[in-house]
Structure formats: C-alpha cells, structure tokens
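Novice: Below is a structure I'd like to ask you about.
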Amino acid sequence: MRCIYCDRDESSLGDEHVVASGLGGDLVLADASCQACEAETSRTELRVLRQSYGLHEVRSYLGVGRRRRGEKPASAGLTLEDESGDEVRDVPLAEHPLIWNVPLLDYASFLTGQEDPNGIRVRGSHHFTLGPDPAGLYELYGLVRSRGRRRQRAYDHDFGRMLAKIAWAGWVSEFDVDSM
C-alpha cells in the first residue's frame, strides 16, 4: 500500500479525513497516509484551526467540529482602543464581533509560469465578522470611541497547504490515485 502524499510503500497506513473533522468533514479515506504524512497534515490543520485566523473561536461559536468540545472557548480576547489607550477584555463569544481572516493566495505558479522559491504567495486577506455589530461594543462597554480589534497569528503557508491537502485528498477519493 502506498501513501497518497509521498508515495511511500508502507504495510500500515492511517485513515485520512479529506476535510478536517475540525471543519465538520466526515469523508474518510481508509488506509491513505503514512505516519509521517499523517503527523504533518495533522500539525498543519491544528495550527490553522486553533491558532490562526480566528477559526478556533468561530468554529466554537458555530458549533463546528465534533471532538474536544471541552476545549472549545466560550470567550475571546478583544483589544478595545479609546482615548486613554488600549485595554484587552475577555468577551463572551455571544457578544464578540468575531473576526475571521482568510488569506487571499496568489495564483499557483504552475498556472502563471512564475518561479517562486517559497511556494505559496499571499496577496492579502479577506476579513469577515460574525456575531454582533462591532459598533454595539461602544454602548455595551461604555466606550466613547473605539476600534475593537483582535490580534491574530497568521499561518498563510499552512492555510495554503491545508487547501492543497483537501484538494488532493478529494481528488484521490474521487478518481483513485492508483489509476493515474
């Protein structure tokens, strides 16, 4: 049996979610990835789903993902700025204007013919909010003027890798990699 990612011949391969279970994916490829690739895809998905783009809080707010419900946050930090300076407050998710950032990736270099030694290029990002209107924070927290914001760690390269992994695993599930 061969790993769908590195083509390594292994006697024991692990199951692979096409879309991470943390995003609600339930399509599983049985005996698809070697231990090394399984560990790498798992690390990549964990970084994206828990440490970047606000996805951890957004997934908790929406109830997406089935595992580790006890680890899902009920609140998130929000930096509030007013005339006296910055203050970080822990805001319940129901009252939080959840900010979800999605990187805007450049076209794949094989499509454009451009060489890129770093692999993935990011052109910018799209910002989405979920939950209450940020302007409602003024009244809720007694602020005269504020710009609520969240500091977020970005893992653009990992986000691109996760999208590529979903595309490849989806391709394999539909067309069977052994037939190529």
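What follows is calculated from the coordinates using simple rules that are stated; it is not laboratory data. All values derive from a computational prediction rather than experimental measurement. Cβ placement follows ideal geometry from the backbone for every residue including glycine, while neighbour counts extend to all protein chains displayed.
Novice: Going by average Cβ neighbours within 10 Å, how do the peptides 98-104, 120-126 rank, with the highest at the top?
Specialist: Details: 98-104: 17.9, 120-126: 13.1.
The most tightly packed comes first, giving 98-104, 120-126.
Novice: Could you pull out every residue, at least 5 positions away or on a different chain, whose amide H is within less than 5 Å of the one on Y53? Hs are placed 1.01 Å off N in the peptide plane, and Pro or chain starts have none.
Specialist: Here the answer is R153, Y155, since their amide H atoms fall under 5 Å of that of Y53.
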